[in-house]
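Just so you know, all these numbers are worked out from the coordinates, no wet-lab data involved. Remember, it's a predicted structure, so these values are computed and weren't measured experimentally. Quick reminder, even Gly has a Cβ in these numbers, built from the backbone with ideal geometry, and neighbours come from all protein chains shown.
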Amino acid sequence: MIPRYTLPEMAELWSEEARLRRWLEVELAVVDAWAALGVVPEDDAREIRERASVDPGRVAELERETRHDVAAFVRCVAESVGPAGRWVHHGLTSSDVVDTALALQLRDAVDLLIGGLERLLATVRRLALAHRDTLMVGRTHGVHAEPTTFGHKLAVFAFELDRDRERLRRAREVVSVGKVSGAVGTYAHVDPRVEELVCARLGLRPAEASSQILQRDRHAELLAACAITASTLDRLATELRHLARTEVREVQEPFAPGQKGSSAMPHKRNPVRCERISGLARLVRSHLQAALEDMVLWHERDISHSSVERVILPDATAALAFMLREAAEVLEGLVVFPARMRANLEAGGGLAYSQAVLLALVEAGLPREEAYGIVQAAAARACDEGASFRELLEGDARVRAVLPPERLADCFDPGRFLRNLGPVFERLEKLPVEGG
């Protein structure tokens, strides 16, 4: 991921230096495991622990000769140790180191993602509770439907984000797996107890079975969780973009002092951060396809997955971390216009209350089709002629014949549409969030 869309902490996690440090961490854990089993002399193990280091420049130099990054790494570490370096990489294949270290990187990356999601979820929950009574019109097909509240709209997103959090937590467990089982996973040259000791030290679970590599369904599951979360953020950003349109203007992205919305039009306050979220979501979703392709390898492994995941794993996690921060900052500074929401709700003289009138007429004794026709005709005139829906109904003799004025007025009370929302907000209040 380019620096523009990469948070510093995620960039550090996926840096070449960090990757080599993780490789060294795995190698040292293996040496200690062999020493615990009496294979590596304790003096040699101690010397390795004290002297082993890795120089990224030297690894790069050796890789130009060996054309193999792990072989170059092993040679570099052995050089830093001296004669005891012969025990480095003892009994291992490259993927024992690479895949186990990758599990550590992925675990750390997911922790950053969950932290970002927690911040956003806490903000969405807080706003939802603060706006539980902020009336607005609900929209289906982009057309006015019935009254809702801005808090209810956000509550729906809060519970979706909670599900995203749970998916990421599950994915974290799935990828937190190591393997130290040799060239085809048969432990031919490494004691299975080494794998157990190494994984215990690193806080990983040993793979139940592996080939030369850990199977890539694990990584695909993580990318699926990332893609779904990115789509939630895309959906949230798209909703805010629609609500920020000039004709709607119910919310507005935070607009900083000195910020410019356009190089040409000084009046512009574009929802650029939400648009950025939507754009990056497309990228994260595309990486899931590549992760699914990476599952299909020849026999005990080929290397076709390697070049792909060197790109998609850092990029997907980095992009999602950036998106989560963007979304949190947008919501934390979101400008809400309750008066505009209420004005839009009452557009057309209360068209959003049509179903309440329909049901009232049916309950008063009119056949449903007749009642529907009366209400639909009034709504059509309100839309096409700019008349008031409510006034048209008040002036309709068929309506007056069955509905007293107070009963018709009751149909236009938005509170009656929201009277059963209490349990939603009770569940929202119980939703566990960090910092919320």
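Pull up the cross-link candidates among the aspartates and glutamates for Lys153, meaning alpha carbon to alpha carbon under 14 Å and not fewer than 8 places away within one chain.
Leaving aside aspartates and glutamates fewer than 8 places away in the same chain, those within reach of Lys153 are Asp133, Glu239, Glu250.
Straight-line reach only, C-alpha to C-alpha below 18 angstrom: list the lysines that Lys260 could link to, leaving out same-chain residues fewer than 8 apart.
Lys268
Can you pull the one-decimal nm distance between simple spin-label points at Lys260 and Glu247, each 7 Å off the Cα toward Cβ?
Simple spin-label model gives 3.0 nm for this pair.
If you place +1 on the Cβ of every Lys and Arg, -1 on the Cβ of every Asp and Glu, and leave all else neutral, what size is the dipole of region 1-90 about its Cα centre, to the nearest 20 Debye?
On the way: 12 positive and 18 negative charges, 49 e Å.
Roughly 240 debye, rounded to the nearest 20.
Pull out the extension gain between Arg368 and Arg67, defined as 0.36 nm times the separation in residues minus the alpha carbon to alpha carbon distance; nm, one decimal.
Stretched fully, the Arg368-Arg67 segment lengthens by 100.5 nm.
Suppose only helical runs count, i.e. DSSP H with n ≥ 4. What mean residue ellipticity at 222 nm does that imply for the chain under -39500 (n - 2.57) per run, divided by all residues and rounded to the nearest 500 deg cm²/dmol?
Details: 20 runs with 285 residues, N = 436.
So the helix-based figure for the chain works out to -21000 deg cm²/dmol.
Can you match semi-axes √(5λ) of the Cα gyration tensor in Å to one of these, (1) 61, 22, 17; (2) 34, 23, 19; (3) 39, 23, 20, based on a calculation from the structure here?
(1)
Need the C-alpha centroid separation for region 159-230 versus region 81-116, integer Å.
Taking the Cα centre of region 81-116 as reference, the centre of region 159-230 is 12 Å away.
Which FRET efficiency, nearest 0.05, do Glu9 and Glu173 yield, Cβ-Cβ r, R0 30 Å?
The computed FRET efficiency comes out at 0.85.
Select from Tyr187, Gly348, Cys199 the residue farthest towards the positive end of the dipole of the chain; place +1 on Cβ of Lys and Arg, -1 on Cβ of Asp and Glu, and compute about the Cα centre.
Gly348
For the peptides 6-12, 33-39, 75-81, what is the packing order when you average, over each peptide's residues, the other Cβ atoms within 10 Å and list the highest mean first?
Most protected by this proxy first, the peptides run 75-81, 33-39, 6-12.
Taking amide hydrogens as modeled 1.01 Å from N in the peptide plane, which residues meet the under 5 Å criterion relative to Arg205, leaving out close sequence neighbours?
Amide H neighbours of Arg205: Val177, Gly178.
Given labels modelled 7 Å from the Cα in the Cβ direction, how far is it in nm from Glu293 to Arg49?
4.5 nm
Pull out the extension gain between Ala339 and Ala200, defined as 0.36 nm times the separation in residues minus the alpha carbon to alpha carbon distance; nm, one decimal.
44.2 nm
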